[in-house]
């Protein structure tokens, strides 16, 4: 894991904001993606690096993670008669 930085959250207009240390290399106005995880953590990355992030996630799967297939997926029978407009009501 990399170096740890400490910062504070502050109010900016009607939002809250966080200052990122210059050492992290973000530039003013740079587009970033911020993703909240189920456990309350956040991940932040540059939009320009989105492809690399997705490629890295692909590599995170263990070998053979789908070797047993997807398993049985139960699906209900569908009524294909009539128009979708009739079924939406």
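Each reported figure results from applying straightforward, stated rules to the coordinates on display, with no laboratory input. Bear in mind the structure is a predicted one, so any value in this text is a computation, not a measurement. Backbone-built Cβ (ideal geometry, glycine too); neighbour counts: all protein chains shown.
Cβ neighbours within 10 Å, averaged per peptide: list 68-80, 30-42 in order, most packed at the top. Walk me through the numbers before you get to the answer.
Working: 68-80: 5.8, 30-42: 8.6.
My ranking of the peptides, most packed first, is 30-42, 68-80.
What distance in nm separates the simple spin-label points at residue 70 and residue 3, each placed 7 Å from Cα in the Cβ direction?
So the two model labels end up 4.6 nm from each other.
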